[in-house]
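Since the structure comes first, as structure tokens, the remarks are kept for the end.
The values are calculated or read from the model by the stated rules, or taken from the named source; none is laboratory data. Since the structure is predicted, the reported quantities are computational estimates derived from the model, not experimental observations. FYI the Cβ positions are ideal-geometry reconstructions off the backbone, even for glycines, and counts take in every protein chain you see.
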Amino acid sequence: MTRSATIPTKRSNSTPLIAGIVLIILALVIAVYVAKPGFRTAAPAIAPTPVATQAASVAPPNQALRAKETNFAFGSISMAAGKVSHRFWFRNEGSSPLSIKRIYTSCMCTTATFVKGMRKVGSYGMPGHGATVPDVNESLAPSEAAYVDVVFDPAAHGPAGLGRTERVVTVEPAAGEPLQLGFVANVTP
């Protein structure tokens, strides 16, 4: 007569382990969210204006120079149709005057003109190509707005310039972080 031995099956209860992992992940997500710049625990005492609200979403906190938009898509543009342009508005959101020191572009195919009120200042391009990029030396009073007219020449690179193109215009204040304004275009013949 043979005896068969039965071995009880071990069931592991992994529910506490899974719950612990989920809690750790949730705590990490909350920590990352709270550590983000611009996280507030209380509502501001004064409601921001609509322009300030829109600009706050595209500029880091503590930066006085803020843009209405920092990126623009031209879509599909033709080399044969010639140059295209876009206007990037920005303003001094700080409480003291802000000096614009330099404006420069990421490529020779792009130029930028600073406009404040009815006054146009310079035509700025890529540093290192041709003449040096001159300083702007214009100031913006608190809440004062200005814009940069950006002109892109899709034919500047010839056939090698076909396809997706990304360029950046940098507005550099005398103090503080530079404001980068970018655009993208799909260049066709």
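Summary table below
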{"item": "Of all residues in the stretch 134-169 being β-branched (Val, Ile, Thr) and surrounded by 19 or more Cβ atoms within 10 Å (Cβ to Cβ), the one that is nearest to ARG102 (Cα to Cα)", "result": "VAL136"}
{"item": "Residue pairs meeting the criteria (Cβ under 6 Å; at least 6 apart or on separate chains; first over 14 Å from THR111 (Cβ atoms) and touching a residue at least 12 places away in the same chain (Cβ under 8 Å), in the stretch 74-86; second of a type in the set (S, T, N, Q) and not in a loop (DSSP other than H, G, I, E, B))", "result": "SER76/ASN186; SER76/THR188; SER78/THR188"}
{"item": "Failed condition for GLU172, given (1) under 16 Å from the mean Cα position of the chain (by Cα); (2) modelled with pLDDT of 95 or more; (3) surrounded by fewer than 20 Cβ atoms within 10 Å (Cβ to Cβ)", "result": "(2)"}
{"item": "Residue check for GLU166: of a type in the set (Asp, Glu), farther than 23 Å from ALA64 by Cα and within 20 Å of the chain's Cα centre (by Cα)", "result": "yes"}
{"item": "Residues located in the stretch 87-103, provided they are of a type in the set (Phe, Trp, Tyr), more than 12 Å from VAL151 (Cα to Cα) and either crowded, with 17+ Cβ neighbours inside 10 Å or free of Cβ contacts under 8 Å to residues at least 12 places away in the same chain (or both)", "result": "PHE90"}
